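What follows is a set of notes on a single structure, which appears directly below.
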Amino acid sequence: MLKIAIYGKGGIGKSTITSNLAAAFAVQGHRVIQIGCDPKADSTINLLGGEPLQPVMNYLRETDDDPQSLDEISREGFGGVLCIETGGPTPGLGCAGRGIIATFNLLEDLRLFETWQPDVVLYDVLGDVVCGGFAAPIREGYAEKVLIVTSGEKMALYAANNINTAVANFEDRGYARVAGIVLNQRNVVGEDEKVQAFAREHNLPIVARIPRSDDITRFEDQGMTVIEGDPSLPVSACFLSLAERLWNGEV
């Protein structure tokens with residue numbers, strides 16, 4: 001089983017990267033689970049035709065009881081990708097990180113991996129602050145690899161540095177490692193050079209460059225990934241290539 005956590009600054013495009021990567025794995029014949037670990041709970045929306053999925057934390061608040069089956073807190077999207085959203089607490093109350101931990105514990109109780117037997121599991125994780133909860137995918141042994149999504153913008157690189165430092169703190173415990181950087185291009189001045197310099201400083205490869213693309217926006221407006229919308233596009237080829245290299249152990 002390939003288990004990957006995708007981290008990055010809020011708004012940097014993690015959900016776009018993750019959902020297109022999930023779709024790419026799916027069209028290549030793999031059984032995929034995508035788990036959104038962000039209080040906004042919008043990670044999987046473009047795998048589900050633009051329809052939001054009820055987050056686990058909302059389910060627990062509204063029913064005041066644990067779900068008895070995976071069907072109550074998940075939905076299959078494009079390519080058969082199983083979609084799950086952790087969600088978060090009521091705004092202004094509680095800790096979002098604890099919501100992730102509570103969801104993970106619940107998924108263990110429901111025997112998610114044993115029941116669904118995925119080939120690939122993708123975690124879409126907010127990376128502005130890598131607190132205990134947001135570090136759960138790397139700290140608890142759920143993920144084996146971390147991809148850091150960044151652009152050449154100052155705050156995106158600042159978050160990328162924090163994420164890399166947090167993951168490095170767990171290296172000696174056999175937890176997830178950073179496999180590389182995904183450059184989600186914003187076309188800022190000197191972007192490629194800035195990200196290359198960051199990658200060299202931290203001895204990390206840039207494993208994919210995702211061009212700024214109107215096609216991504218066009219298909220997301222229709223509730224789709226570009227993989228679903230038009231897999232022949234050059235930007236789709238970027239995701240398909242990354243998925244293939246990850247599956248083959250080249251990243």
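The values are calculated or read from the model by the stated rules, or taken from the named source; none is laboratory data. Bear in mind the structure is a predicted one, so any value in this text is a computation, not a measurement. Don't worry about glycine lacking a Cβ; one is built from the backbone with ideal geometry, like all the others, and counts go over all protein chains shown.
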### Task
Examine the range 150-167 for a residue that is in a loop (DSSP other than H, G, I, E, B), among the aliphatic types (A, V, I, L, M) and under 23 Å from GLY133 (Cα atoms), and state whether such a residue exists.
no
### Task
Please find, among ASN184, ASN203, the residue that is touching a Gly at 6+ places or on another chain (Cβ under 6 Å) and modelled with pLDDT of 95 or more.
ASN184
### helices (runs of 4 or more DSSP H) contained entirely in the range 179-234, each with at least 3 residues that are surrounded by fewer than 14 Cβ atoms within 10 Å (Cβ to Cβ)
191-201, 214-220
### Message
For the structure I just gave you, tell me whether TYR123 is at pLDDT below 95 and under 20 Å from the mean Cα position of the chain (by Cα).
### Response
no
